[in-house]
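Novice: Quick one: the structure is below, and I'll ask about it shortly.
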Amino acid sequence: MTGNDRLARRRRFSSWTTRRWLRVGAAVSLVVLALLGVTGAWVLARTTSINDDLVDTRSPALSSSFRLESALLNQETGIRGYGLTGNPEFLKPYQEGLVEQETQSTQLAALLKDDTAALGDLADIRAAISTWQERIARPIAASAPGTPSPLLTERAAEGKSAFDGLRTALLDQQERLRAERAGARQDLAAVTRLRNWVFSAIAAVIVALTVLAFEGLRRGITAPLEQLGADARAVAGGDFGHPITATGPADLRRLSTGIDSMRRRLVQELAFTEEARLRLDEQAADLQRSNTELEQFAYVASHDLQEPLRKVSSFTQLLQRRYGGQLDARADQYIEFAVDGANRMQTLINDLLDFSRVGRVHQTYRSVDLDAVVDQTVSALSVGIEESRASVTRSALPTLAADPTQMGMLWQNLIGNAVKFRRPGEEPRIDISAEREGELWRFAVTDNGIGIAPEFAEKVFVIFQRLHTKDAYSGSGIGLAMCKKIVEFHGGTISVDPQYTRGTRITFTLAAEAPAGVDALAGPEAVRVDAGRAR
């Protein structure tokens, strides 16, 4: 075989898949095992046949021949005794011998029905028996009892010759049966040795096939899969530059190649992702810095506006008290506009200050009993609640790790809005509920007020977004935006339930525990609620 032929053969085998290797291996194993099984079955059948012939035919036939000889000897002894004495007692062995002769002769004929030579021997024996019976046994047995039979003496030589011929025929038969039994025993021994060799070969072939199967599985499947698993674990451990080695049958090599292609793609994607992450980190840092600067600017601007605004408000109020009614109606209206604008500006600046402090100034986590917080909020808003004849009901509320001040601001805005945005001519009904959802608590504040249209469900949480004019409902438009900021600061979400249409239902979630890395201070803290700061 040339080198090109060997190379072509190797390439042909290298294209075989695991399924094809398994099919070929299984087919070869089945053919070998089938051949060995057929050989083993033939050997077993041959052993059984020889053993049955030996046990059921040869040995019983030899035994029957011996018993037939014994029956004839008993007949000869009985006839001789009766012929010498005339005593009828000697005929009893003769008669029993006749019965036994017939029985053994019939049994021999049945046992030797397939053996022509043995049947020939049996025919010779029967002929010799018939001759001896006709010439010697029956005539003597028919003699009168009481006196010796003269035929015994007259035919002594003839009787001896006939019986010797009979015994010679029996001996020939027995010698043939002994030889055939010995030959059957030799055949049985030879077949037994062949059987042992065949079954030893079957066992050896099965062991060899098992070893070959395990070795083939190890080299063709187990080892390549282990190599693939080791390479995959190396990649999963963070070594993305580790190549995936393609070994084993064609399908496993294709799998390894596919995984390696995926690894290279992941390396490219990770490089791109890392680059994008670095850019996002830079943008996040810039955004954080910008937000911090904006919050600081809002705080400083609001704080710095307090003093000049107080002066404007004080002087406009002073003008209103001192010159009210002394000027014309238009002047009084201008002064009223100035006072109202200054007051609203004061409220807006205070609200903006509170909004900028959320998550920056008030961030102390304590164990907060929300039942107590809601009770204090209702008490602080008691004037508005009594004037509107509102009723506030609630279920048992949990105790959470949260900032007490922010919790007070949250419930003050939610309950205050429910009271403020009521239906004209209808007493407000406010219900507060809470239920556990895994690691979070979900709260719902439900009222029978004017409601929020679905298209404004997101807009109401944007700062300074108002759905009504200041003449219809007072406020700065910061309340729900502040609620959203407080809830998100505590790891939750807030939204308007669009399925509820008989008023407004605000749902929000709060974490039961403080965020990771933040330790809650032990002991409750009093919650400050400002009755005049609902937005």
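Novice: Pick out, from P88, T153, V191, the residue whose Cα sits farthest towards the positive end of the charge dipole of the stretch 47-201, with +1 on the Cβ of Lys and Arg and -1 on the Cβ of Asp and Glu.
Specialist: Value: V191.
Novice: Using the Kirkwood formula on the Cα atoms of the stretch 122-173, what hydrodynamic radius do you get, in angstrom to one decimal?
Specialist: Radius from the Kirkwood sum: 11.6 Å.
Novice: Same structure, new question: For the stretch 183-258, give the magnitude of the charge dipole about the Cα centre (Cβ charges: +1 Lys/Arg, -1 Asp/Glu; no others), in debye to the nearest 20.
Specialist: 380 debye
Novice: When only DSSP loop residues count, what trypsin sites (Lys or Arg not before Pro) in the stretch 112-153 have their Cβ near at most 11 other Cβ atoms within 10 Å?
Specialist: Answer in residue order: K113.
Novice: Report Rg/Rh for the stretch 31-160, rounded to two decimals, where Rg is the Cα radius of gyration and Rh the Kirkwood radius.
Specialist: 1.29
Novice: Can you give me the long-range amide H partners of T17? Hydrogens built in the peptide plane at 1.01 Å from N, cutoff under 5 Å, separation of 5 or more residues or another chain.
Specialist: Distant-sequence amide H within range of T17: A250.
Novice: Then there is this: Once you have the Cα-Cα distance between R423 and S143, take 0.36 nm times their residue separation minus that, and quote the gain in nm to one decimal.
Specialist: 85.6 nm
Novice: If you don't mind, there's one more thing I want to ask. R0 = 30 Å: FRET efficiency of A201 with A45, Cβ-based, nearest 0.05?
Specialist: 0.95
Novice: Please work out how much length the chain gains when fully extended from K92 to R442, using 0.36 nm per residue of separation minus the C-alpha to C-alpha distance, in nm with one decimal.
Specialist: 114.1 nm
Novice: Once the principal axes of the Cα atoms of the stretch 84-179 are found, what is the range along each, listed largest first in whole angstroms?
Specialist: In descending order, the Cα extents are 47, 25, 19 Å.
Novice: Next question, about the same structure. With a cap of 12 neighbouring Cβ atoms within 10 Å, and only residues DSSP puts in a loop, list the GluC sites (Glu not before Pro) found in the stretch 123-206.
Specialist: Loop-located and lightly packed - none at all.
Novice: Right, next: Gain in length, D371 to L280, computed as 0.36 nm per residue apart minus the alpha-carbon separation, to one decimal in nm?
Specialist: 28.5 nm
No value in this document is a laboratory result; all are computed from the given coordinates. All figures in this text were calculated on a predicted structure; none of them were measured in a lab. Please note: Cβ atoms are built from the backbone with ideal geometry, for glycine as well, and neighbour counts cover all protein chains shown.
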